[in-house]
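S.K.: Below is the structure I would like to discuss, written out as structure tokens.
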Amino acid sequence: MLKLSKNTNLSRIIELNEDLLKDNEDLATINKNTLEKYKIKSFDVVGAIGAGKTEILERTVEKISKDKRIMVICGDITLRIDADRIQKHGGKTIQINTGRECALNAYHINKVINSIPLNEIDILFIENVGNLICPSDFILGAQKRILVVSVTEGEHVIIKHPLLVKMSEVIIINKIDLVSVLETDLDRMIRDAKSINPRIKVIPMSAKTGENFQEFLDFLNEQ
Ligand SMILES: Nc1nc2c(ncn2[C@@H]2O[C@H](COP(=O)(O)OP(=O)(O)O)[C@@H](O)[C@H]2O)c(=O)[nH]1
Ligand SMILES: [Mg+2]
């Protein structure tokens with residue numbers, strides 16, 4: 001850790017930062033190649049705390065774990081609440097506690113994939129630490145990124161976080177069962193997502209009621 005003093009060279013700090021991100025990218029490429037070698041479909045699930053990432057993974061595991069061997073890596077700063085929630089529905093889970101880190105990084109994932117029997121997995125989900133900012137710096141090596149936002153975060157949540165929207169293949173707008181109560185402008189959220197990333201697939205859904213959940217399962221199936 002660099003100590004800031006009067007003559008600290010800022011460009012050196014930036015250089016160090018760039019080295020760190022480059023190392024992360026290199027390791028993410030190794031992870032991606034390993035997962036592809038074992039023909040594992042892999043998804044990095046990102047979104048704010050409370051958006052519904054774990055709920056969506058619980059429902060997903062519940063629906064598809066009869067046919068597919070699923071592993072879920074859950075990232076949180078502490079505890080293994082999410083891993084326990086998901087495990088009840090049939091998937092295998094590993095919880096990573098990041099301590100003070102606000103996102104998982106490729107090193108965490110590399111450690112896990114080097115220590116589990118990859119030939120026993122069809123689909124890997126990685127639930128990132130709840131956060132809409134930090135995960136944009138650290139790619140993990142998953143095949144696709146799924147961004148989860150919810151109508152409870154307000155209709156500006158998408159336009160305010162363009163980087164993650166650009167980096168994702170799918171955006172789930174969750175908790176649509178609450179739109180009428182909150183009067184959130186769902187159409188605006190959909191429009192914003194498409195204007196930031198015209199290639200992104202937008203899936204408004206309710207993980208709670210199951211409304212439109214099938215569209216997400218169809219997306220997974222198509223990969
Ligand atoms: N009303 C409603 N609540 C939801 C929905 N999805 C998740 N929740 C609730 O939102 C809270 C946070 O969900 P969770 O999956 O823990 O969010 P995470 O932090 O993104 O993993 C929990 O109480 C869920 O039961 C939904 O579609 N509708
Ligand atoms: Mg969670």
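The values are calculated or read from the model by the stated rules, or taken from the named source; none is laboratory data. In this text the structure is predicted, and so the values were computed from the model without any measurement. So basically every Cβ, Gly included, is an ideal-geometry build from the backbone, and we count neighbours across all protein chains shown. Surface accessibility is based on the protein's heavy atoms, side chains included, excluding ligands, DNA and RNA. Shrake-Rupley method; radii C 1.70, N 1.55, O 1.52, S 1.80 Å.
S.K.: For the stretch 118-144, what are the residues that are closer than 22 Å to Asn97 by Cβ and part of a strand (DSSP E or B)?
M.R.: Those that are closer than 22 Å to Asn97 by Cβ and part of a strand (DSSP E or B): Leu124, Phe125, Ile126, Glu127, Asn131.
S.K.: Among the residues of the stretch 203-223, which ones are open to solvent by 90 Å² or more (accessible area, probe 1.4 Å) and within 13 Å of Ile173 (Cβ to Cβ)?
M.R.: Result: Glu211, single match.
S.K.: Within 16 Å of ligand 2 (Cβ to nearest atom) and modelled with pLDDT of 95 or more, is that true of Asp26?
M.R.: Judged against the criteria, Asp26 is not a match.
S.K.: If the requirement is being surrounded by fewer than 19 Cβ atoms within 10 Å (Cβ to Cβ) and part of a loop (DSSP other than H, G, I, E, B), which of these qualifies: Lys111, Lys66, Lys32?
M.R.: Selected residue: Lys66, the only one of Lys111, Lys66, Lys32 that is surrounded by fewer than 19 Cβ atoms within 10 Å (Cβ to Cβ) and part of a loop (DSSP other than H, G, I, E, B).
S.K.: Exactly one of these conditions fails for Leu163: (1) free of Cβ contacts under 8 Å to residues at least 40 places away in the same chain; (2) assigned to a strand (DSSP E or B). Give me its number.
M.R.: Status for Leu163: all satisfied but (2).
S.K.: On to the next question. If you go through the stretch 69-105 one residue at a time, how many are more than 12 Å from Glu127 (Cβ to Cβ), assigned to a strand (DSSP E or B) and either in contact (Cβ under 8 Å) with a residue 60 or more places away in the chain or among the charged types (D, E, K, R) (or both)?
M.R.: Selection size over the stretch 69-105: 1.
S.K.: Looking at the stretch 39-71, which of its residues are touching a Pro at 6+ places or on another chain (Cβ under 8 Å) and farther than 19 Å from Val129 by Cα?
M.R.: none
S.K.: Could you check Val46 against (1) closer than 30 Å to Arg188 by Cα; (2) of a type outside the set (Gly, Ala, Ser); (3) open to solvent by 20 Å² or more (accessible area, probe 1.4 Å) and say which number it fails?
M.R.: Unmet for Val46, out of (1) closer than 30 Å to Arg188 by Cα; (2) of a type outside the set (Gly, Ala, Ser); (3) open to solvent by 20 Å² or more (accessible area, probe 1.4 Å): (3).
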